[in-house]
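Enquirer: Pasting a structure here, questions to come.
Read-outs: derived from the displayed coordinates by stated rules, not from any lab. If you're wondering where the values come from, they're calculated on a predicted model, not measured in any experiment. Cβ: placed from backbone, ideal geometry, glycine included. Neighbour counts: every protein chain shown.
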Amino acid sequence: MPDVPRSSRFALRLTHVLAGLLTWSVSLAQTATPLPTLIEESVRQNPDVAVARARVAAADARIAPAGALDDPMAEAGIVNAPLAPFSLRREEMTMQMLGLSQRVPFPGKRGLRTDVARGDAEALRATALDTRDQVLR
């Protein structure tokens, strides 16, 4: 290319490079995954988002039991029974006990416990949305 001016050679090389870049970008655009699909995949596969969702589910599961009554208590016992020979009637001080009890909270406490559990679930739900938004950013 001795008879072609230097500026023409540069323009020819630049044209070849630009044509190659254009071809490459067109082929890349045809095979690229759309952005909404990538965003959906990143939110679905992110472990931080999964942990946040699991915490929300656990908090939601704690709402109903928060307002429940405590478990009833049953007790049975023997006091002052002679060991040898074993008899419940031989000693006057022998006592047999059988009991059943239920703790009843002060009125309104069960509703407050439910409200607190519901508030905790809402706070964790907001935290989960924040985590999702961080992944989206």
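Enquirer: Mind listing which trypsin sites (Lys or Arg not before Pro) in the stretch 29-136 are in a DSSP loop and have 16 or fewer other Cβ atoms within 10 Å? Spell out each step's value before the answer.
Expert: Details: sites: ARG44, ARG53, ARG55, ARG62, ARG89, ARG90, ARG103, LYS109, ARG110, ARG113, ARG118, ARG125, ARG132; in loops: ARG62, ARG89, ARG90, ARG103.
Sparse-neighbourhood loop trypsin sites (Lys or Arg not before Pro): ARG62, ARG89, ARG90, ARG103.
Enquirer: Can you pull the one-decimal nm distance between simple spin-label points at ASP130 and MET95, each 7 Å off the Cα toward Cβ?
Expert: 5.6 nm
Enquirer: Can you show me the helix-derived [θ] at 222 nm for the chain, built from DSSP H runs with n ≥ 4 at -39,500 (n - 2.57) apiece and divided by the number of residues, rounded to the nearest 500. Mind dumping the intermediate values first?
Expert: Values: 5 runs with 84 residues, N = 137.
The helix contribution divided over the chain gives -20500 deg cm²/dmol.
Enquirer: Separate question: Which one, LEU38, GLN102, LEU14, projects farthest toward the positive side of the charge dipole computed for the chain from Cβ point charges (K/R +1, D/E -1)?
Expert: Of LEU38, GLN102, LEU14, it is LEU14.
Enquirer: While we're on this one: Rounded to the nearest 20 Debye, what is the dipole magnitude of the chain about its Cα centre when Lys and Arg each give +1 and Asp and Glu each give -1 at the C-beta?
Expert: The dipole magnitude comes to about 480 debye.
Enquirer: If you build the convex hull over the alpha carbons only and average its shadow over all orientations, what do you get for the chain? Give it in nm² to one decimal.
Expert: Numbers: hull surface 83.7 nm².
Dividing the Cα hull surface by four gives the mean projection, 20.9 nm².
Enquirer: Using the beta-carbon distance between ASN80 and VAL104 and R0 = 30 Å, what value does 1/(1 + (r/R0)^6) give for FRET efficiency, to the nearest 0.05? Working shown, then result.
Expert: Details: r = 32 Å, r/R0 = 1.06.
Efficiency computed from Cβ-Cβ geometry: 0.40.
Enquirer: Which of rounded, prolate, oblate describes the stretch 62-137, given a ≥ b ≥ c as roots of the alpha-carbon gyration tensor eigenvalues and a/c under 1.5 marking rounded, otherwise prolate only if a/b is larger than b/c?
Expert: Values: a/c = 8.74, a/b = 3.43, b/c = 2.55.
Prolate shape, in that a/c is at least 1.5 and a/b is the bigger ratio.
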